[in-house]
Amino acid sequence: MQDWAVKYQQNGLCRILGINKNKIIGIIILNMPNPLDKKDRHIPIPGILWMCGATLFFSISLTLVKFLQDLGLTAFQAVLFRQVLGMLIFLPAIIFSGEVKQLKTAVPFKHVTRSAFGFLGMCTGYYSLVLINVADSVALQFTLPIFTMFCAVWLLKEKIYSHRIIATLIGFVGVLIIVRPGFADINFGIFLAIASAATHAVSDTYARYLARYDKLKIIMFYNFVFTIPFALIPAIIWWTPVSADILPYLFCFGIAGISAQFCLTRSFSLADASLVSPILFFRLPVVAVIGWIAFDQKSEVWTWVGAVIIILATTWMARKETKRP
C-alpha cells in the first residue's frame, strides 16, 4: 500500500475506502489545504524596514552608476554588468534547489517583450544621470505609477476611473514645474528620465501579466536571460575599456541593485503595497544629499515643489485604489 496514502489518512487529509491485494481501490480527499485560501500577510514594521532598505540601496545604486559613467562606463555596460552579476547569483540558487525543470514557460514572447522594455528603462534612466542632476532624474521618474495606470488599461484591460485621470493631470503639473518649459533650458536628460519611467511602467505591467502564467522565480530568470543579450550587443558596439580600479565600484553597483530588488520584493511580501510603496519617495532627499556630497549637485527649489505634487498625486491615487470596490 502506498505510504503517502497512509500518512495522509493519519493526518486526517484523506480516507482509504478499500484495499485489494495490497492496492488501494478507493480514496476520498477530506481536508486538502487550498493555497488560495491563504490570506496575505500584513506585518507593518518589518515591511516598512525592508522598504527603507530598498530605498537606501536604490539610492546607492543610482549614485554608483552616475559615478561609473563619469569615469567612462556606458549605460549599456552598466546594464550588462548588473544583469550578468544578477544571473551569476540567481542561477546557482535555482540549480541547487532543483527547480531547473520548473523554468518552462508558455509565454516566452511576453518575457522577451518585458525584458526589452526593462532594458530600455534602465538605459534611459542611467544615461539621464549623465545629463541632469540625480535628484531631477529621480523626481521625474516618480511619474512611473501614472504611466503604469495607462499601461494597465492598455495591456491588462483595466477600467479608467476618474481619480486616475485627476491624478494624471496633477502629476503632469508637477512635471511641468520641474521642467519649467520657457523658463529654463530643456535638457535631453529630462526626456530620458520620463522615458525611463514610461518604459519601466510597461515592463512592470508585463510582469503583472506574466504572473498569471509563471512564478516569480521564472519571471526573474527570463528577465536575466533576455536582458543580457539586449545589453550585450550595444555594449560591444560602444565598448569602453574597463580599468581594474573601477571593478570594486562596479561590483558594489551590481550588489546594490540586486539588494534593492530583494528588499523591495521582501517588503511587498510582508505588508500592504499601499503602506510601503510611498516610502520609495524618500529616494529624492537621499539622492539629493548624496548628489550634493559626491557630485556637488544642488537641487533647485522647483524640483522639490514638482516632486511633492507628483508624490501627492500618486499617493492619493493609490489610496483611492485601495478603497475602490
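Could you check, for the range 159-177, whether at least one of its residues is surrounded by 21 or more Cβ atoms within 10 Å (Cβ to Cβ), more than 27 Å from I255 (Cβ to Cβ), modelled with pLDDT under 90 and of a type in the set (V, I, T)?
Yes: one or more hits.
In the set P241, P234, which member is in the same structural domain as R82 (by TED's automatic domain parsing) and in a loop (DSSP other than H, G, I, E, B)?
When all the criteria are applied, what remains is P241.
Restricting to the range 291-300, name every residue that is farther than 13 Å from I132 by Cα and either buried (at least 19 other Cβ atoms within 10 Å of the Cβ) or of a type in the set (G, A, S) (or both).
Answer for the range 291-300, where residues must be farther than 13 Å from I132 by Cα and either buried (at least 19 other Cβ atoms within 10 Å of the Cβ) or of a type in the set (G, A, S) (or both): just A294.
Counting only residues that are touching a Leu at 6+ places or on another chain (Cβ under 9 Å) and either over 26 Å from P44 (Cα atoms) or at pLDDT below 80 (or both), how many does the range 292-311 have?
The qualifying residues number 4.
Just to check your reading of the model, which residue among P229, P248, P234, P241 is in contact with a helix residue (DSSP H, G or I) (Cβ under 6 Å, 6 or more places away or on another chain) and either under 18 Å from S115 (Cβ atoms) or surrounded by fewer than 17 Cβ atoms within 10 Å (Cβ to Cβ) (or both)?
That would be P234, the only listed residue that is in contact with a helix residue (DSSP H, G or I) (Cβ under 6 Å, 6 or more places away or on another chain) and either under 18 Å from S115 (Cβ atoms) or surrounded by fewer than 17 Cβ atoms within 10 Å (Cβ to Cβ) (or both).
Conditions (1) at pLDDT 90 or above; (2) assigned to a helix (DSSP H, G or I); (3) of a type in the set (G, A, S), marked per residue:
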site	(1), (2), (3)
D40	no, no, no
L49	no, yes, no
T55	no, yes, no
S61	yes, yes, yes
F109	yes, yes, no
G125	yes, yes, yes
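Can you name the residue in the range 74-106 that is surrounded by 14 or more Cβ atoms within 10 Å (Cβ to Cβ) and charged (D, E, K, R) and, of all such residues, is modelled with the highest pLDDT?
Checking each candidate, the answer is R82.
The values are calculated or read from the model by the stated rules, or taken from the named source; none is laboratory data. Just so it is clear, the structure is predicted and the values come from calculations on it, not from any experiment. All Cβ positions, glycine included, derive from the backbone under ideal geometry; neighbour counts span all protein chains shown.
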